[in-house]
Amino acid sequence: MERRDFLKAGAMLGMGGALPGVVFAQGRGKRNGYGNLLILIELKGGNDGLNTVVPYTSAQYYALRPRIAIKREQVLQLDDRYGLHPSLQPLMPLWQAGELSVVQGLSYPQPNLSHFRSIEIWDTASRADQYLHEGWLTRAFAARPVPASFGADGVIIGSADLGPLDGGARAVALASPDAFLNEARLAMPSNATGNATLAHVLKVEADIVKAADGLRPKGGKFDFKTRFSETAFGNAIKAAMQVVAAPGRGGSDVAAVCLSLGSFDTHTNQLVAQNNLLRQLGDGIATLKSALTELGRWDDTLIVTYSEFGRRPRENLNNGTDHGTASAHFVAGGGRIRSR
């Protein structure tokens, strides 16, 4: 599957559509087509797809990775050919319930193996030889604006990088999840730098205050029964769920939430590093399901993972893998997602 088709389908989800084969409840009135929530999880550094979704019946897989392949008896079998890394055990109930799908071989033509450039290509949904200044979600929201009643188009949590929301969207970056109510900043329009008049500056500042105030639940934080991991990723998820809960407590809504986990750049000692990261990913997605179910949002939410590239099939001399091209990714949600 090509990355641009994958991202276009993801954008349609945020506007009330769905990925092919995914059906969503029409809940919450579909406010101008924005009744659904899109949650993106960037796997920073380039996650190794072959040890994530393991071809456990392939002799070639084990020949290429004599030291770092996942042992057949450890694989969590999805079917008679593929299975999940053992650290992804929390995802198995979702798979069995039809709430998880695997997208394999996901990449784009003429792949770039630079971390910086490749994630830029992903974030802008550009061709490999094309340089765009706006994120793909920014363009999608420009074509079909998010309702003015929403506090922001999207929220980026745990990073100051706006990624797919860069270049003009009403996006709030919450670099520190622990202090997100105090440090929200609104993305400035792409033409603001060349027109920084006092009036414009004052307007931007007013927008920042308005957006931050909209994300602040007037009735206090939601008291989740869900337990959140005490990791940086767990804290980001906790903050994200408070943002999603805000509309029910006097705050405003958002159309998209962007999270990140890393680093998956496993050039050395991959087994230990990826084991820890995939455990966080599996726990994180399961936690998102639990919290979203509490909020009544699971059935209208789509969670999608992505990464700048995958890793090479052959292991390197340092018990790791080097930059590759295609990888495997996950799509999860409560909308009867196909398991194949």
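Read the figures in this text as sums done on the coordinates, not as results from a lab. Fair warning: this is a prediction, and the values are worked out from it, not measured in the lab. Cβ: placed from backbone, ideal geometry, glycine included. Neighbour counts: every protein chain shown.
Side notes on the structure shown:
- Given their separation in residues at 0.36 nm each and the Cα-Cα distance between them, Asp80 and Ser149 gain 20.0 nm when the chain is fully extended.
- Computed extension gain for Gln96 through Glu230, at 0.36 nm per residue and net of the alpha carbon distance, reaches 45.5 nm.
- Backbone geometry of the stretch 277-291 corresponds, through the Karplus equation with coefficients 6.51, -1.76 and 1.60 at θ = phi - 60°, to 3J(HN,Hα) couplings of 5, 5, 4, 5, 5, x, 4, x, 5, 5, 5, 4, 4, 4, 5 Hz, x marking Gly and Pro.
- Glu73-Asn318 FRET efficiency (beta carbon distance; Förster radius 25 Å; 0.05 resolution): 0.45
- Alpha-carbon centroids, the stretch 108-145 and the stretch 37-96: separation in whole Å: 27
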